[in-house]
1. I need a count of the residues in region B:191-231 that are more than 18 Å from B:Gln334 (Cβ to Cβ) and hydroxyl-bearing (Ser, Thr, Tyr).
2. Please go through region B:136-175 and give me each residue that is more than 8 Å from every other protein chain (Cβ to nearest Cβ), in contact with a Pro (Cβ under 7 Å, 6 or more places away or on another chain) and within 30 Å of B:Pro31 (Cβ to Cβ), ordered by number.
3. Is it the case that B:Lys88 is of a type outside the set (Phe, Trp, Tyr), closer than 19 Å to B:Pro217 by Cα and in contact (Cβ under 8 Å) with a residue 60 or more places away in the chain?
4. With respect to B:Glu100, is the statement that it is surrounded by fewer than 16 Cβ atoms within 10 Å (Cβ to Cβ), in contact with a helix residue (DSSP H, G or I) (Cβ under 8 Å, 6 or more places away or on another chain) and under 22 Å from A:His200 (Cβ atoms) true?
5. Tell me which of these B:Val63 doesn't satisfy, since it passes every other one: (1) touching a helix residue (DSSP H, G or I) at 6+ places or on another chain (Cβ under 9 Å); (2) more than 27 Å from A:Glu189 (Cα to Cα).
6. Within region A:48-75, track down each residue that is within 22 Å of A:Glu133 (Cβ to Cβ) and either exposed (fewer than 15 other Cβ atoms within 10 Å of the Cβ) or within 13 Å of another protein chain (Cβ to nearest Cβ) (or both).
7. As an exercise: evaluate B:Tyr275 against (1) touching a helix residue (DSSP H, G or I) at 6+ places or on another chain (Cβ under 8 Å); (2) surrounded by fewer than 21 Cβ atoms within 10 Å (Cβ to Cβ) and give the number of the one condition it does not meet.
8. For region A:183-215, give me each residue that is within 17 Å of the chain's Cα centre (by Cα) and within 14 Å of chain B (Cβ to nearest Cβ).
Protein chains: 2
Amino acid sequence: MASETVRRIETTATNVHKTILKQNKPSLRFPMRSLSNVKYDPKRGHFEMRGRHKVRTLTVSTVKTFAQTLRMMALSKELVEHEDIATKREAYYVSKNWEEARFLEQPESDAVMDDVEALFEVNREQLGFVPEEKGGEVSGKLVIVDRDSETKKPLRIDCTKFGSGAYSIPISVEHLKFETDARFILVIETAGMFQRLVKHKYWKSANCVLVSMGGVPTRACRRFIRRLADARQIPVYVFVDGDPYGISNIYRTLKVGSGNAAHLNEYFCVPQARYLGITPQDIVDYKLPTHPLKDVDVKRATDAIKNDPFFQHHKEWVRAVEQLLKMGVRAEQQALAKWGLNYVIEKYLPEKLAHPQRFLP
Amino acid sequence: MASETVRRIETTATNVHKTILKQNKPSLRFPMRSLSNVKYDPKRGHFEMRGRHKVRTLTVSTVKTFAQTLRMMALSKELVEHEDIATKREAYYVSKNWEEARFLEQPESDAVMDDVEALFEVNREQLGFVPEEKGGEVSGKLVIVDRDSETKKPLRIDCTKFGSGAYSIPISVEHLKFETDARFILVIETAGMFQRLVKHKYWKSANCVLVSMGGVPTRACRRFIRRLADARQIPVYVFVDGDPYGISNIYRTLKVGSGNAAHLNEYFCVPQARYLGITPQDIVDYKLPTHPLKDVDVKRATDAIKNDPFFQHHKEWVRAVEQLLKMGVRAEQQALAKWGLNYVIEKYLPEKLAHPQRFLP
C-alpha cells in the first residue's frame, strides 16, 4: 500500500520532469471537487464523482501553485517512506521553509493537499497527511491488532478490558487489523449513552462492538467502522437521536458520505450501515418525551427529501421524514430514560434488535 | 466515599422530614454560585467561594423547586446505592415521571442538580451524575487500575500497549487507581501534536505520561490529571498554543478552575500544573512563524491581566502576557514544524525540560 503510493507519486513526478526536459509545458489533471460533480449509486453505496476534471498546466500565472503541488507531493513521499505523519497544519508550517513556494495562509495549503489527494485518488491518510482532530471510542467484543512503531511487533488490544474507559481511535487507522466474533457493531451518537452501555457491559450480553461517535463522526471514526465492518463482514447498526440532525447529518454522513468531499466517500462511507433508531415511529410506540421541531430542523428535513439523492432514492426514508415533519417533534436517545435509566438496555435495544430487517436503510 | 454521600443525603432529608412533622417550614441552605463569591488563594491553588449562602425555605412559591430538589436528592441516592450513573439529560427525562414535580426544560433540572451538588459540597460525579461529553486521551508510562463492573475484580490497563491508539478517559474517574514511575505528565492541547508524540513513542524516551486535552479540557479530563498527579506526586507540564486562548482559557482553567463553577474547582483544578510552552519568549527564541493577534485575542489577554485574580497574582504571567500584547502576534504549537516535523521531539521539548524551574507558574 505504502510503496504503491510512493510509486504513483514517482510516476507523476517523473512525467512532469520529462515533459520539462523536452521543453514542453507540464500539466496535472485533478477531478473536480464540487456538489455538481456528484451522483448517488445505491449499488456502490456512496456519493461518487461524475468524472469531470480540471487540468492545471504550468504557466506564469500557475507557477506558484504548480510548485506548491510538487512540493506537497514530495512531502507526502517523504512521510510515507519514513512512516511518519503530518497534520494539515503541520504541512502548512513545513512550507514556511519552501522560500518562494511557501503558503501564506493555511487554507491555501489545505486546498493543494486536497488536490494532491484527488490527483492520486487515495485518501489523505494514505499520503501520510492526517486530520487535526481525533474522535471515536470503542468498547466491547473486539481485539484490535496494531503494531509497535519501534519493534514492528504486533500489539493486540482487547476492547473488553478497558473497564469504564475505552479505546480511543487513532487519527490514522489504515494499518489496524481486527479479530472479533461480534454479531454487529452498534454505533452510538452520544457519549452519555455510550457510557451507559459500557458501564452495564451491554456489549457482553448482546455480543457486539460499541462505537461512540460523539456527534458527527470524524474521518478516522468513519474509516475505522468501515474497515472493521468490511474486514469481518459484520452489520453496522446506528443509534442516534430521532431528529433531522441525527438522521440527515450524522447517519447520512456516516453511511454515504458528504457532497463536498465526494472523492473521499469511497473510503469514508459505511454503506452497510442501517438505522436502528430513534425512528419517528419509535416516538409513537414508546411514548417518548419530545421537543418541538425548530425552524432549522424543518429546513434540514425538507432539504433531505427535496434535494438529497440518498433520501430521495429510499422511499422508506421519504415516508419517515415526512412522518417526523407531520408530527412536528423530535426525540433524543436519552428520552428513553423516562421509563427508567436502563430501559434502553432491558427493553428498547432487545426489541429493536429482534427485527433488524425493519431498520430504515 | 459512596456511603458517605448516601449518609449526607439521608441526614439532610431526615432533617427536612422532622421539621415538617413539627409543622414548621423546612429549608435548605446553598452556597451562592457566582463570580462575586470567588477568591484566589495561591496556597490552596484554586478559585474558592467566599462563603455567601442562599436559603431556600418551603413556601407556596418555592414548593415546586423544593420538591424537585428533594426528588433529585432521592435520584442521586438511588444512583449511588446501585453504582449507576445518569447524565444531566437523562436526569431531566427521568423527571418526566415525577408528575407535578417534572421539569419542563432541561436548564431547570440542570440548575437543581447544581444546587444539590453545591448543597453537599461534592462534585456531581460523586452524586452519580455525569457530564454528557467525554474527552481526554492517555498514552505512555502508566497503568490505570479500573475494575470489572460485574466481577468487581481489578482490571490493569497498560497505557504503553496501545500502539497508535490511546486510552479514552471515562466520564467518571473517581474509582480509578494508578501505577507509574513516570517523571512527569505532559498535557497537550491538540490531538495532532499528541498523535505525533504517541507515534514516535516520546513517552518512552522522556519517561512520561501523555494526556491529550483536545482543546479546553472536559471535567473528566481535568479530574483525571488531578487525581493522577495527587496519587503519584508527579509534576504536570502543560504544552499549549502560545496565544491568549491557550494561556487564559485552556491553561488557566486546567490549573485553577473557572469563576462560574467555583464550588467545583477544589476537585477539578490541577494546582501543580506548570506552563511549559509555547511562551511569548519561545516565539522569539525559536523564530516561530506567527499570526497577528485578533481583536478577540487582545481583549482576552487584556482581561487576563486586568480582571483575572490568577494572572494578577503572578507577576511573571503579567509580564509574559504584556510581552505577547506588545509583540502583537501568536504562535501555535505546530509552528515548530517549520524546523522539521520532529524538531519538537528532538530539540524543543528536551531543551525546555532541562529547566522546569523556568516554566511559567
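The values are calculated or read from the model by the stated rules, or taken from the named source; none is laboratory data. Computed from a prediction, not measured in an experiment: that's the story for all the values here. Heads up, the Cβs are rebuilt from the backbone with ideal geometry, glycines too, and the neighbour counts pull from every protein chain shown.
1. Of the residues in that region, 2 qualify.
2. B:Gly136, the sole residue that qualifies.
3. no
4. Answer is no for this residue.
5. (1)
6. If the condition is that a residue be within 22 Å of A:Glu133 (Cβ to Cβ) and either exposed (fewer than 15 other Cβ atoms within 10 Å of the Cβ) or within 13 Å of another protein chain (Cβ to nearest Cβ) (or both), then A:Leu75 is the only one that fits.
7. (2)
8. If the condition is that a residue be within 17 Å of the chain's Cα centre (by Cα) and within 14 Å of chain B (Cβ to nearest Cβ), then A:Ile188, A:Glu189, A:Thr190, A:Leu210, A:Val211, A:Ser212, A:Met213, A:Gly214, A:Gly215 are the ones that fit.
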